[in-house]
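**Student:** Please find one structure pasted underneath; my questions will follow.
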């Protein structure tokens, strides 16, 4: 008995894409009231994020250093499948302000939105994905490095991971700036410094 059916095939896509992450947005898990998945043409994407009066916290990453993966783990014996989203964020420079925020991130379950360098073919807007929508993401590994030589990087490497019963979702395309239309009742405030 089939549990699902395929609905589309896939051809060879454009060979000019960009990898990596431009910005990471953190939402406190308990402050996200709801996320709504789309239907029809928006199937598989988040079409509404209700944050009430809470904010998203934007961290801009250096080019070419942040990445995410969503590992699929299945068991034929148990008939199960789950997904492990992981994101690695690098922040340059060691500061007491960052130390305090990292301590808070370590104590807080989050939902993470990653604005990729990849763009939509239709309008050139950056793709945004959501990690930990159902169960949240947690800071579970990282380093604080000083570097040794003058040219070495000093800063933070933070690794967040989670466990979900479905793969990460894309966030519906924005109008002109990220998240400007993500909440149907009001604009989502974005804190960047």
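What follows is calculated from the coordinates using simple rules that are stated; it is not laboratory data. No experiment lies behind these values; they were computed from the predicted model shown. A quick note on method: Cβ atoms are made from the backbone with ideal geometry, for glycine too, and the neighbour counts reach across all protein chains shown.
**Student:** How big is the C-alpha Rg of the chain next to the rule-of-thumb value 2.2 N^0.38 Å, as a ratio?
**Tutor:** 1.10
**Student:** Sticking with this one: Quick one: order 45, 75 by neighbouring beta-carbon count within 10 Å, fewest to most.
**Tutor:** By the 10 Å Cβ count, ascending, the order reads 75, 45.
**Student:** Any chance you could run the full-extension gain for residue 80 through residue 96? It's 0.36 nm times the residue separation minus the Cα-Cα distance, nm to one decimal.
**Tutor:** Roughly 1.4 nm would be gained on extension.
**Student:** Using the alpha-carbon atoms, what tilt in degrees (0 to 90, nearest 10) does helix 96-106 show relative to the longest principal axis of the chain?
**Tutor:** It is inclined by approximately 30 degrees.
**Student:** I need 168, 160 ordered by Cβ neighbour count within 10 Å, fewest first.
**Tutor:** Going from least to most buried by this count: 168, 160.
**Student:** Do the sum for the chain: with -39,500 (n - 2.57) for every DSSP H run of n ≥ 4, divided by all residues, what is the mean residue ellipticity at 222 nm, to the nearest 500 deg cm²/dmol?
**Tutor:** Mean residue ellipticity, 222 nm, calculated: -1500 deg cm²/dmol.
**Student:** Quick check: the distance between the Cα centres of the range 123-167 and the range 55-115, to the nearest angstrom?
**Tutor:** First find each Cα centre; the distance between them is then 3 Å.
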